[in-house]
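> Sharing a structure, written as structure tokens. Questions coming.
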Amino acid sequence: MTLHLVLKYKYFDMIAAGVKPEEYRERTDYWTKRIWERRGEIDSVCFHRGYSSVTIKRRVFAIVEDAGMEEWGAEPQTLYYVIKLEGGEK
């Protein structure tokens, strides 16, 4: 199953360039139902650059609960659903 996510240009460009190997979503009821409860079904993510027609697709390596990197948009000391993209599992 492919998950579709809209990103700010900055984070889209970082993923497209291979600089950002993961994407974060808050642990809310909405994202729990959409991502966490379906993590075994999600095998790829289609990222949308804002609400433009520009997209990229990446395979998912894993979906975990973890803290994110501040330089990649995460708040300090906050747990997220972290979508780890293939090739960025280091």
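> Would you please name the residue that is farthest from Lys10 (Cα to Cα), looking only at residues in region 44-55 that are open to solvent by less than 30 Å² (accessible area, probe 1.4 Å) and assigned to a strand (DSSP E or B)?
Per the stated criteria, the residue is Ser44.
> One residue is enough: does region 39-56 have a residue meeting the conditions touching a helix residue (DSSP H, G or I) at 6+ places or on another chain (Cβ under 7 Å) and among the aromatic types (Phe, Trp, Tyr)?
Looking through region 39-56, at least one residue is touching a helix residue (DSSP H, G or I) at 6+ places or on another chain (Cβ under 7 Å) and among the aromatic types (Phe, Trp, Tyr).
> Now, a different point. If His4 satisfies every condition in (1) open to solvent by 60 Å² or more (accessible area, probe 1.4 Å); (2) under 16 Å from Gly68 (Cβ atoms); (3) in a strand (DSSP E or B) but one, which is the exception?
For His4, the failing item is (2).
> Here's something else I'd like to know. Do you know which of the residues in region 7-43 that are of a type outside the set (Ser, Thr, Tyr), part of a helix (DSSP H, G or I) and within 16 Å of Lys84 (Cβ to Cβ) is most open to solvent (accessible area, probe 1.4 Å)?
Arg38
> Within region 67-85, is even one residue basic (Lys, Arg) and loosely packed, with under 15 Cβ neighbours inside 10 Å?
No; the residues of region 67-85 include none that is basic (Lys, Arg) and loosely packed, with under 15 Cβ neighbours inside 10 Å.
> Further question on the same structure: Which of the residues spanning region 50-90 are among the basic types (Lys, Arg) and within 17 Å of Tyr24 (Cβ to Cβ)?
Arg58, Lys84
> Moving on. Ala17 passes all but one of (1) under 20 Å from Met1 (Cβ atoms); (2) modelled with pLDDT under 95; which number fails?
Checking Ala17 against (1) under 20 Å from Met1 (Cβ atoms); (2) modelled with pLDDT under 95, the one that fails is (1).
The values are calculated or read from the model by the stated rules, or taken from the named source; none is laboratory data. A quick note: this is a predicted structure, and the numbers were derived from the prediction, not measured. Cβ: placed from backbone, ideal geometry, glycine included. Neighbour counts: every protein chain shown. Heavy atoms of the whole protein, side chains included, go into the accessibility calculation; ligands, DNA and RNA do not. Shrake-Rupley method; radii C 1.70, N 1.55, O 1.52, S 1.80 Å.
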